[in-house]
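Chemist: I have a structure here, written as structure tokens, and I will follow up with some questions on it.
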Amino acid sequence: MNNLRRNLKAVYARAYVRIVGMNREPSWVVFTIFLPLLSVAAFVYVYKATAPPEIINSLLARVIIGGAMLAFWMNVLWGMGNNFYYEKELGNLDLYLMAPISKTSILLGMALGGMFSTTIRAIATILLGAVLFNVSFTLESPLSLGLVFLMTLTSLYGLGMLFASLFLMYGRGAWHTANLMQEPIFILSGFYFPIKFLGFFIALLASFIPLTLGIDAMNQLLGGSFAKKWSLLPVNLEILILTGLTAVFFALAVKALNFMETMSKKEGRLTLRYM
Amino acid sequence: MSILKTIKYSAWLGWEMDSNWTDPFLFFLYSIVRPIAGTFLVVLMYWFIKAPEDLFSLMFIGSIFYMYIFNVLFGVSWVIQEDREHYKVLKYIFIAPSNIYLYLLGRALSKTIVTTIAVLITGVFGVAFLGVKISLTNPLLFLLTLALGLTGIAAFGIIMAGVSLLTARHNFFIGESLAGLFYFFCGVIFPLSVLPSWGQIIGKMLPMTYWLEATRRALLGFGDPSLSDMPDIKILILLVAFAIGFFFISILSFKFCSNLAKKKGILDMTTWY
Amino acid sequence: MQSLAIETRALVRTFKTEKGHITALDNVNLKVKQGELFGLLGPNGSGKTTLIKILCTLLYPTSGEAYVSGYDVVKESNKVREIVNMVSGEESSGYGILTVRENIWLFSQLYGIPDKVAWERIDELLKLMGLEERADTRVHKISTGERQKMNLCRGLVTDPQILFLDEPTVGLDVNASRTIREYVKKWVRENGRTLFLTTHNMMEAEEMCDRVAIIDRGRILACDSPSNLKKLVSKEVVLELETSLFDGIDLPYKFSIEKNLAKNTAKMRFLLEDESVIPKIISKLTENSIKLISLKKSEPSLEDVFIQLVGRGLHE
């Protein structure tokens, strides 16, 4: 019981740093809400310039959903995956490892804090995007949508926790790996065009990235008949797979974290800084 | 230390800092995968929608030359963040006898060289496999445009570096956001005429729009139809003004920002969370 | 019999480097009693930090065993973590964007300290360290000394049974160092806690510790109370010379040199078995064109014990 309480406190404390840290500099509103919308706008206008009118609303809805979910991907890559590496550089990692808590709590704290602040950015993107570009969403099943969103986030942040564990070992090389993964995932997750366009098998492979299935399901639930025509799998099946991915990523993350911690302690690399 | 020496050493330092985590081949691969993937994303959108060939070529050239805007402009402003909070050497660079402005210029140079390689590779890929027809109708216009544009972009990067001296970690988003701003308003991946009229006005006020237009004209023989009433010479004059103007503004603004940072005592702040 | 706070048995730690293996700890056997102020004195790179890292569960030993309050640091690391905390003099931990108070609170939560207790302790500690006015200042704005005091508050806020201090006063001014030493000493005595201090500052070790172990190149050379250790050199004469700065000199005696580049002088400390060699030393200096500024006999210190055991000074 004591142990659980301690770990929960650790989760809360680490999430607090994220939320307070982000909100403490007022400039975050401009930088994390208004300006990123411009990237989304650019892709909106690609379709405005090229797409036939009958499918344009569905495509714009996809771009806006993609833009909102992209915020989570960026947060997972930069705020989760890389964070243990940054904690190491800052000198905090030792203190986390020395504390009588599971390291998973620290990752969970980061994830919850990151989810909270990123959700604000994502909601803003959807609302502003819908208003500014006059896009209508056809909300079919709020419950399914809620479930898809939740399971996408949990599996995505599970993946982030796995990244964090792996990056703990590889330091600076990992930072660059994250950098390298940024754009290819934009392509493979179907942020801005239906992933099925790349062929069923590539889409299936891409489904290991939780965003792919999440974005596909959200588009089916919000983007009308054109989105359904290009859908990958039925929504319920996608929810099921996402739930499975959550469990798998989470378990792998815990395992990887323990393994990396043991290896690092054996090799004495935990406190090595790559300055 | 002479001006050239400072720039040379800073460029070398930039290369070392960017690439010392891996062997040169991997770094090379890394440097080109990301921008190529960025371009390919738009390529796939155009393919998906079966857009006309000319529009595709305009988008392709805009997209690959936009790499300079993203890498050099964002890269130079990121130098401040990285040197201040990660390597914690910013204060030592400030107290060194060499000029910090030249140091940043050197760092911009190393990023420009790496980006040029990525631009070349993506360009060759586009011509070989994606059906982009480069005619290079006006090599002189191309070279002049490239030189003027890169000067202006590096200077812009230094202006943003100055701003970074005063801002927290959100600077990460400044780069992303500014990149988004230019991506949107400069008609990088779609013709300007698609934008609402107010957007077109903003786009036509941004020097990067004309830089991309001149590059397209020089390489493809045609440009964005909505800018067709601008003769080449007028665009060149604009680019000269952009390069010289931003160069001087960058010197003054960086000086102002660094003085302000010193006054506020935030030259070596850390804002990670 | 008093129970042991720390015990190491034949502890060895090696690191793999490009040039082969280096031994950071070589057959270290130590026993620290509960309630003791224990110091580990040695030059940079002697293995002090490696030992602390093993005892704090941050690093595994290559071989041998280590126990903290009877718990095995490898097999029972969670039990160890509940009762220890560590503060390092060179640490830059914390989040610049949080305030001093928030930073300490954050780390207290990792130990499950109830909020109310944590805030009370934080305020009390900040007051005792003279940091109360900086409590709501963001960490990136405080000075090195203030940061070091904040780190100490972080280490104390969990009220650990055993506190590890790794060079806690390195880089601090005299006043800040004194505040930290005095407070820690008082805290250990009043609460029956144990202190494990590593330092290369012999004054600090002498002033703070009940017992001191001397370590060099990973080996424990001696371990006793400061007064007993000094008895190792009680028969020797300690001679302190201040001279002009010089590159190097070969003398058949045990001595250390501390150079002062700012003043262009050098301080030589000789450990002599016989006073009669003093004129020989002086004439050797003169032969090498080294100017003698002052000469005095002094009391033996732990530095002399180190010279006696190792044959060179702590700072060389």
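The values are calculated or read from the model by the stated rules, or taken from the named source; none is laboratory data. It should be emphasised that the depicted structure is a prediction, and the values quoted were computed from it without experimental measurement. Here the Cβ is made from the backbone with ideal geometry for all residues, glycine too, and neighbour counts use every protein chain on show. For the accessible areas, the whole protein counts, side chains as well, though only heavy atoms, and no ligand, DNA or RNA atoms are used. Shrake-Rupley method; radii C 1.70, N 1.55, O 1.52, S 1.80 Å.
Chemist: Among helices (runs of 4 or more DSSP H) lying entirely in the stretch B:164-273, which contain 3 or more residues that are modelled with pLDDT under 85 and surrounded by fewer than 22 Cβ atoms within 10 Å (Cβ to Cβ)?
Modeler: Working: elements: B:171-185, B:197-205, B:207-220, B:232-264.
Per the criteria, B:171-185.
Chemist: In addition: Of the residues A:187, A:209, A:215, A:202, which single one is touching a Phe, Trp or Tyr at 6+ places or on another chain (Cβ under 7 Å) and open to solvent by 10 Å² or more (accessible area, probe 1.4 Å)?
Modeler: Values: A:209 fails: touching a Phe, Trp or Tyr at 6+ places or on another chain (Cβ under 7 Å); A:215 fails: open to solvent by 10 Å² or more (accessible area, probe 1.4 Å); A:202 fails: touching a Phe, Trp or Tyr at 6+ places or on another chain (Cβ under 7 Å).
Criteria check complete, one pass: A:187.
Chemist: Restricting to helices (runs of 4 or more DSSP H) lying wholly in the stretch B:29-109: which have 3 or more residues that are among the small types (Gly, Ala, Ser)? Lay out the reasoning, then the answer.
Modeler: Values: elements: B:53-68, B:75-81, B:90-95.
Result: B:53-68.
Chemist: Let me ask you something else. So which of A:128, A:93, A:107 is aliphatic (A, V, I, L, M) and either open to solvent by 20 Å² or more (accessible area, probe 1.4 Å) or more than 14 Å from chain C (Cβ to nearest Cβ) (or both)? Show your work before the answer.
Modeler: Numbers: A:93 fails: either open to solvent by 20 Å² or more (accessible area, probe 1.4 Å) or more than 14 Å from chain C (Cβ to nearest Cβ) (or both); A:107 fails: either open to solvent by 20 Å² or more (accessible area, probe 1.4 Å) or more than 14 Å from chain C (Cβ to nearest Cβ) (or both).
Answer to the selection: A:128.
Chemist: Please tell me if residue B:47 is open to solvent by 30 Å² or more (accessible area, probe 1.4 Å), more than 11 Å from chain A (Cβ to nearest Cβ) and out of contact with any strand residue (DSSP E or B) (no Cβ under 8 Å at 6 or more places or on another chain).
Modeler: no
Chemist: Check whether at least one residue in the stretch C:303-316 is more than 29 Å from residue C:14 (Cα to Cα) and open to solvent by 40 Å² or more (accessible area, probe 1.4 Å), and report yes or no.
Modeler: No.
Chemist: Still on this structure, please answer the following. Considering only residues of the stretch A:51-66 that are in contact (Cβ under 8 Å) with a residue 60 or more places away in the chain and facing chain B (nearest Cβ under 10 Å), which is most open to solvent (accessible area, probe 1.4 Å)?
Modeler: Checking each candidate, the answer is A:55.
Chemist: Return the residues of the stretch B:116-148 that are assigned to a loop (DSSP other than H, G, I, E, B), open to solvent by 40 Å² or more (accessible area, probe 1.4 Å) and of a type outside the set (Lys, Arg); say none if nothing qualifies.
Modeler: Of the stretch B:116-148, the ones assigned to a loop (DSSP other than H, G, I, E, B) are B:130-138.
The next check asks that each one be open to solvent by 40 Å² or more (accessible area, probe 1.4 Å); those that pass are B:133-138.
Result: B:134, B:135, B:136, B:137, B:138.
Chemist: Please specify each residue of the stretch A:194-231 satisfying the condition of being within 15 Å of the chain's Cα centre (by Cα) and farther than 17 Å from residue A:63 by Cα.
Modeler: A:206, A:207, A:208, A:209, A:210 - these are the residues of the stretch A:194-231 that are within 15 Å of the chain's Cα centre (by Cα) and farther than 17 Å from residue A:63 by Cα.
Chemist: Scan C:132, C:82 and give me the residue that is without any contact (Cβ under 8 Å) to a residue 60 or more places away in the chain, open to solvent by 20 Å² or more (accessible area, probe 1.4 Å) and farther than 16 Å from residue A:96 by Cα.
Modeler: Details: C:82 fails: farther than 16 Å from residue A:96 by Cα.
Only one candidate passes the filter, namely C:132.
Chemist: Please work out which one of (1) within 11 Å of another protein chain (Cβ to nearest Cβ); (2) within 19 Å of residue A:40 (Cβ to Cβ) is the condition residue A:218 fails and give its number.
Modeler: (1)
Chemist: Of the conditions (1) modelled with pLDDT under 90; (2) open to solvent by 10 Å² or more (accessible area, probe 1.4 Å), residue A:83 clears all except one; give me its number.
Modeler: The single condition residue A:83 does not satisfy is (2).
Chemist: Output the residues belonging to the stretch C:254-276 that are open to solvent by 60 Å² or more (accessible area, probe 1.4 Å) and without any contact (Cβ under 8 Å) to a residue 40 or more places away in the chain. Lay out the reasoning, then the answer.
Modeler: The initial filter retains those residues of the stretch C:254-276 that are open to solvent by 60 Å² or more (accessible area, probe 1.4 Å), namely C:254, C:258-259, C:261-264, C:267, C:273-276.
Once the filter is applied, which keeps residues that are open to solvent by 60 Å² or more (accessible area, probe 1.4 Å) and without any contact (Cβ under 8 Å) to a residue 40 or more places away in the chain, the stretch C:254-276 yields C:259, C:261, C:262, C:263, C:264, C:267, C:273, C:274, C:275, C:276.
Chemist: Also: What's the number of the condition residue C:198 fails, among (1) more than 30 Å from residue C:278 (Cβ to Cβ); (2) more than 10 Å from the chain's Cα centre (by Cα); (3) of a type in the set (Val, Ile, Thr)?
Modeler: With respect to (1) more than 30 Å from residue C:278 (Cβ to Cβ); (2) more than 10 Å from the chain's Cα centre (by Cα); (3) of a type in the set (Val, Ile, Thr), residue C:198 is out only on (2).
Chemist: Another question about this same structure. Six or more apart or on different chains, Cβ atoms under 8 Å: show the pairs whose first residue is in the stretch B:178-190 and farther than 12 Å from residue B:62 by Cα and whose second is surrounded by fewer than 22 Cβ atoms within 10 Å (Cβ to Cβ) and of a type in the set (S, T, N, Q).
Modeler: Correct list of pairs: B:179/A:39; B:180/A:39.
Chemist: Further, regarding this structure: Kindly evaluate residue A:212 against the criterion of being more than 14 Å from every other protein chain (Cβ to nearest Cβ), closer than 21 Å to residue B:36 by Cα and in contact (Cβ under 8 Å) with a residue 24 or more places away in the chain. Full working, then the answer.
Modeler: Details: more than 14 Å from every other protein chain (Cβ to nearest Cβ): yes; closer than 21 Å to residue B:36 by Cα: yes; in contact (Cβ under 8 Å) with a residue 24 or more places away in the chain: yes.
Yes: the conditions hold for residue A:212.
Chemist: Can you confirm whether the stretch A:149-156 contains a residue that is assigned to a helix (DSSP H, G or I), of a type in the set (A, V, I, L, M, F, W, C), open to solvent by 50 Å² or more (accessible area, probe 1.4 Å) and within 14 Å of chain B (Cβ to nearest Cβ)? Spell out how you get there, then give the answer.
Modeler: If we filter the stretch A:149-156 for residues that are assigned to a helix (DSSP H, G or I), which is where we start, we get A:149-156.
Keeping just the survivors that are of a type in the set (A, V, I, L, M, F, W, C) gives A:149-151, A:153, A:156.
Those still in the list that are open to solvent by 50 Å² or more (accessible area, probe 1.4 Å) too: A:149-150.
Imposing the further condition that a residue be within 14 Å of chain B (Cβ to nearest Cβ) reduces the set to none.
No, the stretch A:149-156 contains no residue that is assigned to a helix (DSSP H, G or I), of a type in the set (A, V, I, L, M, F, W, C), open to solvent by 50 Å² or more (accessible area, probe 1.4 Å) and within 14 Å of chain B (Cβ to nearest Cβ).
Chemist: Would you check which residues across the stretch C:8-35 are open to solvent by 30 Å² or more (accessible area, probe 1.4 Å) and closer than 17 Å to residue C:80 by Cβ and list them?
Modeler: C:9, C:31, C:34
Chemist: Spot the failing condition for residue A:78; the list is (1) open to solvent by less than 10 Å² (accessible area, probe 1.4 Å); (2) under 15 Å from the mean Cα position of the chain (by Cα), and only one is missed.
Modeler: Residue A:78 satisfies all of (1) open to solvent by less than 10 Å² (accessible area, probe 1.4 Å); (2) under 15 Å from the mean Cα position of the chain (by Cα) except (1).
Chemist: Now for a separate question. Of all the residues that make up the stretch B:50-100, how many are aromatic (Phe, Trp, Tyr), open to solvent by 30 Å² or more (accessible area, probe 1.4 Å) and closer than 30 Å to residue B:135 by Cα?
Modeler: Narrowing the stretch B:50-100 to residues aromatic (Phe, Trp, Tyr): B:56, B:60, B:65-66, B:68, B:70, B:74, B:78, B:87, B:92, B:94.
Cutting the leftovers down to open to solvent by 30 Å² or more (accessible area, probe 1.4 Å) gives us B:70, B:74, B:78, B:87, B:92, B:94.
Still in the list and also closer than 30 Å to residue B:135 by Cα: B:70.
So the answer is 1.
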